[in-house]
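Colleague: Pasting a structure here, questions to come.
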Amino acid sequence: MAKFGEGDKRWIVAERPDGTNVHNWHWAETNCLEWSRTFFNNSFTNVAVGDGDATVTIKKVEKLDGEAYVNVRKGKVIPGYEISVRLAWEGEARDADGKVLKRVDGAVEIPYISDENAGEDPEIRVSVKENGELGIKLMEVMLKKGKVVVLEKVRVWVESMAKGGPVKDELEAKKVAVPHKNNNNNNNNSSNGDNNVKKEEVKKNEGKKGFKVISLIEKFNCRARDLFEILMDENRWRGFTQSNARISKEVGGEFSIFDGSVTGKNLELDEGKLIVQGWRFGSWPDGIESMVRIVFEEPEDGVTVVKLTHSDVPEEDRYGNATVVENTERGWRDLIFQRIRTAFGFGI
């Protein structure tokens, strides 16, 4: 993620004495860090998340560090952020008469919220200062009930950033003003009909607009059959990704990897030679499915060349983030292929 203020000067619009960034033709960059601090402070001040004999309350935001900004060009919002958040919580354990038996303090750490993982829930770490029986019980309440609340509010912030953060109202006002230009003819209705047709075509992945193809060639120091088996084995997936995986080895069978963030179906399998699958990320718009084709070649003993083609990858996710293609390609390189080399010693 580029740092705030380090964008290409040719595309960042400076303040002008004669007006604003007309039609948002150039990049307009807005720092959203203080806005984000206000957002989180409003969301996590004295929020009760437990009841009964064990009550837990998120008291405040202790710390929010990192960067958050939005770039806008021609009305298109591209958010960028990498932040960490620390929350303070308090718990009370009471007896049947309502008498306080124990009061403890704890923390909730969200070490990494990034635009690169906008469609995934961030890691949540809960700790308590008192490790006794009641302290552990209250921490479990925070984990069970408080984590749900925290993730929900983080999702709201992510969606708000995708819509422009602090400049959302300004963008919405501009959108409202645009339609009046077409009120003098019937082209508006016609174009709306065309747009609906185009949306249906996009959902069926029939058109190329809005989609990209990722092509990679990777080499491994192993037999093609060994690499094929690793990619089709859920236990090995769990090992090298450190995440949950469920993978069918049958054509037509379904799979779920990266804790359910990616799901799909096996379309064609040829052991040691070919894997063809339908892939879908949970953060993509509804109805969108991509195609993964992995060809295995073994030009010499002990050396395998993998040719990956990942087609119909949408340019934007459901939140409006335009980093899907970049993040998907990085995921193949860093989270799959490179981790396989490291975990199984297949490096070239």
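Colleague: For the pair Leu33 and Lys209, how long in nm is the line joining their label points, each one 7 Å along Cα→Cβ?
Modeller: With each label placed 7 Å out from Cα toward Cβ, I get 4.0 nm.
Colleague: For the stretch 209-342, with all protein chains present and a 1.4 Å probe, just round the carbon and sulfur fraction of the accessible area to a whole percent. Walk me through the numbers on the way to the answer.
Modeller: Values: 2750 of 6430 Å².
About 43 percent, which is the carbon plus sulfur part of the accessible surface.
Colleague: Separation between the Ser243 and Asp53 pseudo-spin-labels, each 7 Å from Cα along Cα→Cβ, expressed in nm?
Modeller: The modelled label-to-label distance comes out at 4.0 nm.
Colleague: Calculate one ³J(HN,Hα) per residue across the stretch 262-271 by plugging θ = phi - 60° into the Karplus curve 6.51 cos²θ - 1.76 cosθ + 1.60, and present them in order as whole Hz with x for glycine and proline.
Modeller: 10, 10, x, 9, 6, 9, 7, 9, 9, 3
Colleague: Still on this structure, please answer the following. Taking H placed 1.01 Å from N in the peptide plane, check which residues at least 5 places from Cys222 or on another chain put their amide H under 5 Å from its amide H.
Modeller: The answer is Val303, Thr304.
Colleague: Over all Cα pairs of the stretch 20-170, how is the pair count split among 5 Å bins, expressed in % and running from 0 up to the last occupied bin?
Modeller: That works out to 2, 9, 18, 19, 15, 11, 9, 7, 5, 3, 2, 1, 0, 0, in percent per bin.
Colleague: Right, something else. Could you give the accessible area per residue of the stretch 209-342, probe 1.4 Å, as a whole number in Å²? Could the numbers behind the result be given before it?
Modeller: Values: 6430 Å² over 134 residues.
Roughly 48 Å² per residue, with all protein chains present.
Colleague: Let me ask another. Quick one: Cα convex hull volume of the stretch 262-348, Å³ per residue? Intermediate values should be presented prior to the final figure.
Modeller: Working: hull volume 9.0 nm³, N = 87.
Roughly 103 Å³ of hull volume per residue.
Colleague: Now for a separate question. Express the carbon and sulfur contribution to the solvent-accessible surface of the stretch 20-170 as a percent, rounded to the nearest whole number, probe 1.4 angstrom. If you can, show how the numbers build up before the last one.
Modeller: Working: 3540 of 7670 Å².
Of all accessible area on the stretch 20-170, carbon and sulfur atoms account for 46 percent.
Colleague: Could you go through the stretch 236-246 in sequence order and give the Karplus-derived ³J(HN,Hα) for each residue, using 6.51 cos²θ - 1.76 cosθ + 1.60 with θ = phi - 60°, rounded to whole Hz, and x for Gly and Pro?
Modeller: Per-residue couplings from phi come out as 5, 4, 4, x, 7, 9, 6, 8, 5, 8, 9 Hz.
Colleague: A further question follows. Note down the nm distance, to one decimal, between modelled labels 7 Å out along Cα→Cβ at Asp334 and at Lys147.
Modeller: Using points 7 Å along Cα→Cβ, the separation is 2.5 nm.
Colleague: To continue, here is another question. Scan around Asn244 for amide H atoms under 5 Å from its own, H built in the peptide plane at 1.01 Å from N, and keep only partners 5 or more places away or cross-chain.
Modeller: Asp259
Colleague: Using the structure shown, list the pairs from Lys59/Lys147; Lys60/Lys163; Lys249/Lys307; Lys76/Lys168 with a Cα-Cα distance above 18 Å, or answer none.
Modeller: Values: Lys59/Lys147 14 Å; Lys60/Lys163 26 Å; Lys249/Lys307 20 Å; Lys76/Lys168 11 Å.
Where the Cα-Cα span goes over 18 Å, the pairs concerned are Lys60/Lys163; Lys249/Lys307.
Colleague: Considering amide H positions built from the backbone, and no H for Pro or chain starts, which residues 5 or more places from Glu62, or on another chain, come under 5 Å of its amide H?
Modeller: Arg86, Leu87, Ala88
Colleague: If you roll a 1.4 Å probe over the heavy atoms of the protein chains, what accessible area per residue do you get for the stretch 20-170, in Å²?
Modeller: Working: 7670 Å² over 151 residues.
Per-residue accessible area for the stretch 20-170 comes out at 51 Å².
The values are calculated or read from the model by the stated rules, or taken from the named source; none is laboratory data. Please read these numbers as outputs of a predicted model, since none were measured by experiment. So basically every Cβ, Gly included, is an ideal-geometry build from the backbone, and we count neighbours across all protein chains shown. We work out accessible area using only protein heavy atoms, side chains counted, and drop any ligands, DNA or RNA first. Shrake-Rupley method; radii C 1.70, N 1.55, O 1.52, S 1.80 Å.
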